[in-house]
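Structure incoming, see below.
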Amino acid sequence: MRSPLSVLAILPLLCAVFDLSAADVRGEGDEVFADFEGADFGAWKVEGTAFGAGPAQGKVGDQWAVEGFHGHGLANSFHGGDAAEGKLVSPPFAIRRHFISFLIGGGGWEGRTCINLVIDGKIARTAAGPNTEPGGSEKLVPSGWDVGELAGKTASIEIVDAATGGWGHITVDDIVFTDAKPPLATRMLSYPSREIVADRWLNLPVKTGARKRTVLISRKGDGQIERRLEIELADGEPEWWGSLDVSPWRGETLCVSVDKLSSDSRGLERVASTATPIGRENLHGEALRPQFHFSAQRGWLNDPNGLAFYNGEYHMFFQHCPFSWSHAPNFWGHATSKDLVHWQELGDALAPDEFGGIWSGSGVVDSKNTSGLGESGKPPFVLVYTAGGQTQRIASSTDGRTFTKFAGNPVVKNITEGNRDPKVIWHEPTQQWVMVLYVELDHRHTVHFLTSPNLRDWTLASVLKGDAIGGNFLFECPDLFALPLDGDAKQMKWILSAANTEYVVGSFDGKTFAAETEKLPGQRGGKPQSREWSDWSYYAPQTFSDEPKGRRVQIGWWQTVTRGMPFNQSMSLPFELRLVSTGEGPRLAWKPVEEVASLRGEAHALQPFKLTPETANPLAAISGELLEIEAEFEPEGEAEVTFSVRGVPLIYDAKQQVLTVNGRHAPAPLEKGRQTLTIFADRTGIEILASGGRTFIPVPLNLDPKETSLSLAARRASVQFRRLEVYELRSIWGR
Ligand code: FRU
């Protein structure tokens, strides 16, 4: 056991010394910007209810005694207690002094109970109150910002109460423009901290399942918080390392602060900055690493985001928690590929900020530079995302590597409490951008359609509630795209799809979607007993924008679980979508993109043959870990065909026309008496396409590494095999 002194040992490294002695002096020539002595807030804009109609005279209601403010009045967001929320926004002013000082008290919730300096719609400085623990005091303390480098800029100040729990309020008084240095707020006044010189990567020790800690990375120079991470911080021996790209600050001194640290924790002292990430020796060789499905090198992954082809590469971003095995506020991870199959993971492209995690969204190539975010003839690659589930924002790049959040964000303000996952497309006939947005409205799922000439200014065009098509409509992560029915360009149909792959086929005029079908199930393979419902193991799929071959290619989050690994979850194979006519109407069909065939190694093709109930296993001589099976067969009468793929049974019942995979049933109709199956087996699951791709069954399942056999048998009647090919696949990781 280490002594509790170990925390004290790092105290000398505290980056932001909260020097109270410098407080409370109003120097000569100071300009008092707001002292809250008036009867109302004057030119300040008041939002919400928490700040009341005007300055408070000390405490509000049953608040504890408020002290440390000047004069009689202060801004106090305790009207309505902790539960109330609100905001005060100052009129604009020009920055002329070196510092802005103020008194601040109340909640210490970064981004939620705080005072912000806003320039060009962006928070340039922030400070929260002193309290996050029960107890504490309502005393206001002096604080401030160094704004020397911002001289001449026009700014405003906002005082924010967006917190409702304990210490869900803020108090502020005496905002003064001054040249006398106040104690500078770096939001880590009491946090254990240490300084570290940045190399390319900042490595932080992780233990899966450890209590999540908030880590702030700021620059020593200006105290500006550059990154906020949530991490399963290893107090003792790390299980794995998460690495943050700190190349923008290479050579600078960074301050790393943790919101809480147990007295014997070694988590902070282990943080190290290096030229290459620590602990990647066996990268992609881990026991449960999917070998031909993308997974993040480290940490949690969920939805694919920003799928697009830009500058000669496919780009895939993804919901990524690089410091946690489970979900936490997300970064956008980033990987590129030349062929949709082999991926190279780069550093994270977008990091959480004061507006929260970077939630799901999309990406488009703005080839006409409608946004004006392009540069010297280079069209911008524009990413559209949801900040913390609240507002829609954009970021752009002209090199496909570095992405800059737009200064005029948000581009779509909060509509309701649940609005997220913008999917943007260019609508050629009306020459405008269209955003499909999931919006929870009156406790119901709706899709909002917005339009824009330039990706910055958005107008609501229509709201689809889906009452006529199955009530409570599509949930989360919508996608909207057109496909030719049966490949006939004269019969274009629009498909609107949702996170669980449910979809509707219809028409779209650039503003309004008109459904022509009911809500249809996408992926199949529901829980035993239920033939209709999906298990959602393939979630939040998205299709690529600007696909150079004109295909509609989809990748989904495949919910594979990899316990004991330094990563979790994966992406599906890339699938090409087609719209095919069936007796029931138009339906989506999935097939792996042709590039997947490049993974084929050893091939075993059997000549057409008849499988009878007596036939010995025709696949007995074939085995493998990574496999693709292509089969076309015509069952006679009530035949039942059983494939066993690495120990997992796939049973096709020709009488019921149902495929049962590992106990899950899916309808798989015969087409002219024939069944067409494609089966992929990776370490963490099996993807099956049946009925020519109309039935898509993704099954996450960790396969037994020792079980590599294949078998095939018929029951009840014979089966005529027209085609049976087995391919041993190569890893995409070059192993
Ligand atoms: C879907 C989802 C999205 C959201 C994201 C957050 O899996 O809940 O709606 O944007 O994940 O990670």
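Between residue 195 and residue 517, what is the label-point separation in nm under the 7 Å Cα-to-beta-carbon projection?
Going by the 7 Å Cα→Cβ label model, 6.3 nm.
Another question about this same structure. Where only protein heavy atoms count, and the probe is 1.4 Å, what is the accessible area per residue for the chain in Å²?
The answer is 38 Å² per residue.
In the chain, carbon and sulfur make up what percent of the accessible area (probe 1.4 Å)?
After summing per-atom areas, the C and S share lands at 50 percent.
Shifting gears a bit: According to a simple spin-label model (label point 7 Å from Cα along Cα-to-Cβ), what is the distance in nm between residue 338 and residue 39?
That separation, rounded to one decimal, is 7.5 nm.
DSSP loop (so not H, G, I, E, B), at most 16 other Cβ within 10 Å: list which GluC sites (Glu not before Pro) in segment 206-253 pass both filters.
Here the GluC sites (Glu not before Pro) that fit, given the DSSP loop and packing criteria, are 252.
Return the equivalent ellipsoid semi-axes of segment 631-691 as a descending list in whole Å, where each equals the square root of 5 times an eigenvalue of the C-alpha gyration tensor.
Listed largest to smallest, the semi-axes of segment 631-691 are 20, 11, 10 Å.
Can I ask one more? Per DSSP H run of n ≥ 4, the term is -39500 (n - 2.57); total these for the chain, divide by its residue number, and report the mean residue ellipticity at 222 nm rounded to 500 deg cm²/dmol.
That comes out to -500 deg cm²/dmol.
Suppose R0 equals 60 Å. What FRET efficiency, 1/(1 + (r/R0)^6) with r the Cβ-Cβ distance, do residue 149 and residue 600 give to the nearest 0.05?
0.55
So for segment 151-282, what percent of the C-alpha to C-alpha distances run longer than 25 Å?
The answer is 37 percent, as a whole percent.
A further question follows. So if R0 is 41 Å, what FRET efficiency would residue 247 and residue 31 give, r being the distance between their Cβ atoms, rounded to the nearest 0.05?
0.55
Can you list which of the trypsin sites (Lys or Arg not before Pro) found in segment 81-155 are DSSP loop residues with at most 12 other C-beta atoms within 10 Å?
Counting only loop positions with at most 12 other Cβ atoms within 10 Å, the trypsin sites (Lys or Arg not before Pro) in segment 81-155 are 96.
Please find the FRET efficiency linking residue 509 to residue 407, where r is the Cβ-Cβ separation and R0 is fixed at 25 Å, and quote it to the nearest 0.05.
Given R0 = 25 Å and the Cβ-Cβ separation, E is 0.15.
Going 7 Å from the Cα of residue 657 toward and past its Cβ, which residues in segment 583-617 have a backbone nitrogen under 15 Å from where you end up?
583-587
Exactly which trypsin sites (Lys or Arg not before Pro) in segment 638-681 are in a DSSP loop and have at most 15 other Cβ atoms within 10 Å?
The qualifying sites are 655, 672.
Semi-axes of the equivalent ellipsoid of the chain: what are they in whole Å, largest first, if each equals the square root of 5 times a C-alpha gyration tensor eigenvalue?
Sorted largest first and rounded, they come to 54, 29, 22 Å.
Hey, another quick one. Among the DSSP beta bridges whose two residues both lie in the chain, what percent are antiparallel, rounded to the nearest 5?
95 percent
Same structure, new question: Would segment 585-730 count as rounded, prolate or oblate if I go by the C-alpha gyration tensor, calling it rounded below 1.5 in a/c and otherwise prolate when a/b exceeds b/c, oblate otherwise?
rounded
If you build the convex hull over the alpha carbons only and average its shadow over all orientations, what do you get for segment 650-735? Give it in nm² to one decimal.
Orientation-averaged projected area of the Cα hull: 6.6 nm².
The values are calculated or read from the model by the stated rules, or taken from the named source; none is laboratory data. This structure is a prediction, so every number in the text was calculated from the model and none was measured. When we count neighbours, we look across all protein chains shown, and the Cβ atoms used for this are built from the backbone with ideal geometry, even at glycine. Calculation scope for accessible area: heavy atoms of the full protein, side chains included, ligands and nucleic acids excluded. Shrake-Rupley method; radii C 1.70, N 1.55, O 1.52, S 1.80 Å.
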